[in-house]
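Asker: Mind looking over this structure? Questions follow.
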């Protein structure tokens, strides 16, 4: 009788250790998957907002009144979604413009550029993520 009790207790302890280890590994792998997905979505959103900024620069080149009056919010719709463009300042030929992704996602991104709008085209001075 004593030998069966010791064998059952040993099997039970081994099972508890195995289940605990398997649960820990499963939870860690879920966390790693979430981290990888978040990194992917963040990079995807950055690519999207950069494309929106390029569209806004093209619209600026085509029209000197784009974003008038200064501070007005202009939406640009792309296949991936919508972004907001704000022309922050226009001092002579030097403009400052900010583009931000729309939506309340944890991956919201913004880019600010400073550029000179000349009759011959646009010359970038600064392009940074803010």
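Asker: Which of the residues that make up segment 119-130 are in a loop (DSSP other than H, G, I, E, B) and in contact with a helix residue (DSSP H, G or I) (Cβ under 8 Å, 6 or more places away or on another chain)?
Answerer: Those that are in a loop (DSSP other than H, G, I, E, B) and in contact with a helix residue (DSSP H, G or I) (Cβ under 8 Å, 6 or more places away or on another chain): none in segment 119-130.
Asker: Would you mind finding the one in 84, 89, 35 that is within 27 Å of residue 124 (Cβ to Cβ) and under 22 Å from the mean Cα position of the chain (by Cα)?
Answerer: None of the other options fit; the residue is 84.
Asker: What are the residues in segment 59-88 that are closer than 17 Å to residue 117 by Cα and surrounded by 12 or more Cβ atoms within 10 Å (Cβ to Cβ), if any? Lay out the reasoning, then the answer.
Answerer: Restricting attention to segment 59-88, the residues satisfying the condition of being closer than 17 Å to residue 117 by Cα are 59-70, 85-88.
Once the filter is applied, which keeps residues that are closer than 17 Å to residue 117 by Cα and surrounded by 12 or more Cβ atoms within 10 Å (Cβ to Cβ), segment 59-88 yields 59, 60, 61, 64, 66, 67, 68, 70, 85, 86, 87, 88.
Since every read-out is calculated from the coordinates, none of them should be taken as a lab result. Since we're looking at a predicted model, the values are computed, not measured. Note: ideal-geometry Cβ built from the backbone for every residue, glycine included; neighbour counts use all protein chains shown.
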